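This report concerns only the one structure given below.
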Amino acid sequence: MKKFVLIILAVLFFVGGSALYTVKETETAIKLRLGEIIAVDSTPGLKFKTPFVNNVVKFDNRIQTLDAPAERFLTGEKKNVIVDSYVKWRITDAEQFYKSTGGNIARTNNRLAQIIKTGLKSEFSKRSITDVVSGERSEIMANIAKLAKQDIAEFGIEIIDVRIKRIDLSKEVSNSVYRRMQAERHRVAKEFRSKGAEEAEIIRAAADKKRTIILANAYRDSEVIRGEGDAVSANNYAKAYNKDAKFYSFYRSLESYKKSFSGNNDIMVLNPNTEFFKYFNPAIK
């Protein structure tokens, strides 16, 4: 008897538990009767259903994120780019969502991923690499969101946002861009070197010109000073000669002797009766 009571209680507890369900603040619940939708409830709280007749399917009514794998697309220049994007979406009509997708989130994401892929392919094929990388990214995302909203109208969901996280060049395009940048840098460096060499030649020529002028002026000034000195010297000699011609002649002869016999082994072959030796030979006057 006791066992029977326990079984009855267990059955009642099971049936009672099957008749109750809860709806959270972040959920929308669809009540079904033998597969037919009879109610859609998004009010949070404890709810009742008929056991074994009704069943409940719940959906998260918060914003969902579709983070699709990166895809390769061709630009208008027939260059490959690798695009990584994501989509923010949420369920707005739970009944329509259940009818069109069976309430399968994965199926919805797959369908949405195909729509976004088609939109990206169409948008990138109209633009160059420069446009898609920097110039028109916002316009691309706006056009894709608009296209996706039209295609998913039957799914009972809405697109909140479409974003392109990253656009990478393929290895081939990256190498081509790198080579182009390298060639451009070499060209600029060569241009700078050429301008530098030109400036160096101008500076060197100006310095050489200035040096030549300075040396010429210095030589001119030195010659003027030397000429003036020689004139003063000649004038002094002339004055000295006029004061005492004999002494001046004797002094000049001594200077000549000194220069002529400066070495220990100097030898001169001259006639002793010449004018040069007149002060050695008193007979010569």
Legend entry - Leading residue by the ranking (surrounded by the most Cβ atoms within 10 Å (Cβ to Cβ)) among those in segment 145-162 that are touching a residue at least 40 places away in the same chain (Cβ under 8 Å) and either closer than 22 Å to residue 72 by Cβ or outside the structural domain of residue 77 (by TED's automatic domain parsing) (or both): 162
Legend entry - segment 42-64, residues that are surrounded by 14 or more Cβ atoms within 10 Å (Cβ to Cβ) and at pLDDT 80 or above: 55, 56, 57, 58, 59, 61, 64
Inset, instruction - Inspect segment 87-95 for any residue being free of Cβ contacts under 8 Å to residues at least 24 places away in the same chain, β-branched (Val, Ile, Thr) and either closer than 19 Å to residue 150 by Cα or loosely packed, with under 14 Cβ neighbours inside 10 Å (or both) and give the result as yes or no. - result: no
Legend entry - Residues located in segment 111-130, provided they are free of Cβ contacts under 8 Å to residues at least 40 places away in the same chain and either of a type in the set (D, E, K, R) or farther than 19 Å from residue 167 by Cβ (or both): 114, 115, 123
Inset, instruction - Go through 140, 160, 144 for me and flag whichever is at pLDDT 80 or above and in a strand (DSSP E or B). - result: 160
Inset, instruction - Output the residue which, of all residues in segment 65-105 that are among the aromatic types (Phe, Trp, Tyr) and part of a strand (DSSP E or B), is modelled with the lowest pLDDT. - result: 73
Inset, instruction - State whether one or more residues within segment 235-242 are under 27 Å from residue 255 (Cα atoms), in a helix (DSSP H, G or I), of a type in the set (Lys, Arg) and not assigned by TED's automatic domain parsing to the domain that holds residue 255. - result: yes
Legend entry - Number of the condition not met by residue 37 [criteria: (1) in contact (Cβ under 8 Å) with a residue 40 or more places away in the chain; (2) assigned by TED's automatic domain parsing to the domain that holds residue 144]: (2)
Inset, instruction - Could you figure out which of (1) over 20 Å from residue 153 (Cα atoms); (2) buried (at least 17 other Cβ atoms within 10 Å of the Cβ) isn't true of residue 120? - result: (1)
Inset, instruction - Just give me the residues in segment 123-142 being touching an Asp or Glu at 6+ places or on another chain (Cβ under 6 Å) and surrounded by fewer than 18 Cβ atoms within 10 Å (Cβ to Cβ), in sequence order. - result: 128
Legend entry - Unmet requirement for residue 108, which otherwise passes all of (1) assigned to a strand (DSSP E or B); (2) touching a Phe, Trp or Tyr at 6+ places or on another chain (Cβ under 7 Å); (3) of a type in the set (Ser, Thr, Tyr): (1)
Legend entry - So residue 117, is it among the charged types (D, E, K, R) and part of a helix (DSSP H, G or I): yes
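The values are calculated or read from the model by the stated rules, or taken from the named source; none is laboratory data. In this text, all values refer to a predicted model and were calculated from it rather than measured experimentally. Don't worry about glycine lacking a Cβ; one is built from the backbone with ideal geometry, like all the others, and counts go over all protein chains shown.
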